[in-house]
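For reference, the structure discussed in these notes is given below.
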Amino acid sequence: MIHRAHDYRDLIRRWRIVARQAGCRLTQFAQAGDFKLYYLKTRALPAKSGVYISAGIHGDEPATTEGLITWAEQHARDLAKLPILLFPCLNPWGLRLNIRLDQAGIDLNRSFDRDDVTVTKALRKVIEGRRFTVALHLHEDYDAQGVYLYEIEGELPYWGDSLLNAARGIIPIDPRTKIDTGRARSGVIRRRLDARHYALLGGLPEAVYLHRHHSRHAITFETPSEYALDQRVAAHVAVIDAAVTRTIAIKDNY
Ligand SMILES: [Zn+2]
């Protein structure tokens, strides 16, 4: 398969086409080194519900950015009607060089409590005052043996199992019972918002910040980066689709 998954400029070219087809705007919200960062927000997004999705916060996880643009391309015609806020790539420098960290050597996914990190500070400003039904954070893991996800403990019913089920036909669920430092049940690691645990990580992750301030559900989805790219992309597309479908099926948004 020929791909340009690490080509940020090509990625944004595709996003511009999607935005044009959908009648939506791609809005710049930050600059990181030579790269401009964007989000796409539809007019259908209410202030207090809807879907937040971000990709590419770690640059060595290209199926995330590729998965999000592929999903958007597939839905370009009806995208404007969906209640969504999308961040196509939070770490373009890392994506370009296939590196987890940003150009300053910072793990952006541990910097949501920092005011000296431009990208995460600007992102927090974009979502100020908003609430989402679900925040979906797309990741990859080279250690993974299949797909899995983290779900922060909170509002019932949990969404983790149903979202993961959407991907299991494409890549099997990671069979491990211990993933990272957490206990996994059928690929779902459910975590409490435990300040001490997150302090040990060395900084605040995006999902924890979103859940604490903005979102009823916070899901971090992971694909195994040793699988073929097209399979990993398809798995991300399936989970994004499941999250959006489930959100718009809720009629009593708040
Ligand atoms: Zn990651």
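The numbers here are math on the coordinates, done by the rules we state, and not lab data. Bear in mind the structure is a predicted one, so any value in this text is a computation, not a measurement. Note: ideal-geometry Cβ built from the backbone for every residue, glycine included; neighbour counts use all protein chains shown.
Tabulated values for the structure
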| quantity | calculated |
| --- | --- |
| Sparsely packed chymotrypsin sites (Phe, Trp or Tyr not before Pro) within the stretch 140-229, loop by DSSP, other Cβ within 10 Å at most 12 | Y142 |
| Residue-averaged 222 nm ellipticity for the chain, from DSSP H runs of 4+ at -39500 (n - 2.57), nearest 500 | -10500 deg cm²/dmol |
| Diffusion coefficient, µm² s⁻¹, Stokes-Einstein with Kirkwood Rh over alpha-carbon pairs of the stretch 1-40 at 10 °C and 1.306 mPa s | 143 µm²/s |
| For the chain, share of DSSP beta bridges that run antiparallel, in % to the nearest 5 | 40 percent |
| Listed pairs K121/K178; K36/K81; K81/K121; K41/K121 exceeding 21 Å between Cα atoms | K121/K178; K36/K81; K81/K121 |
| The stretch 110-187: GluC sites (Glu not before Pro) falling in loop per DSSP and having at most 13 other Cβ within 10 Å | E128, E153, E155 |
| Whole-Å semi-axes of the chain's equivalent ellipsoid (Cα gyration tensor) | 23, 21, 20 |
| Gyration tensor (Cα) of the stretch 73-113, equivalent ellipsoid semi-axes in angstrom | 29, 14, 5 |
| Pairs of Cα atoms farther than 12 Å apart, the stretch 183-233, % | 72 percent |
| Measure of compaction for the stretch 133-223 (Cα Rg per 2.2 N^0.38 Å) | 1.02 |
| nm² value of the averaged projected area, convex hull over the Cα atoms of the stretch 129-176 | 4.4 nm² |
| Projected area, mean over directions - the stretch 7-67, Cα convex hull, nm² | 4.8 nm² |
| Cα-based equivalent ellipsoid of the stretch 1-112: semi-axis lengths in Å, sorted from largest, via gyration tensor | 23, 16, 12 |
| Residue-span extension gain [A195 to A76] - 0.36 nm each, minus C-alpha spacing | 38.9 nm |
| In sequence order, calculated HN-Hα J values of the stretch 164-177 (Karplus, 6.51, -1.76, 1.60; Hz; x Gly/Pro) | 5, 4, 5, 9, 5, x, 9, 9, x, 6, 4, x, 5, 9 |
| Amide hydrogen neighbours beyond the local backbone of D113, cut-off 5 Å, H modeled | L204 |
| Quotient of C-alpha Rg and 2.2 N^0.38 Å, computed over the stretch 76-215 | 1.11 |
| Loop-resident sites, the stretch 7-55, for trypsin sites (Lys or Arg not before Pro), counting at most 16 other Cβ within 10 Å (DSSP) | R25, R43, K48 |
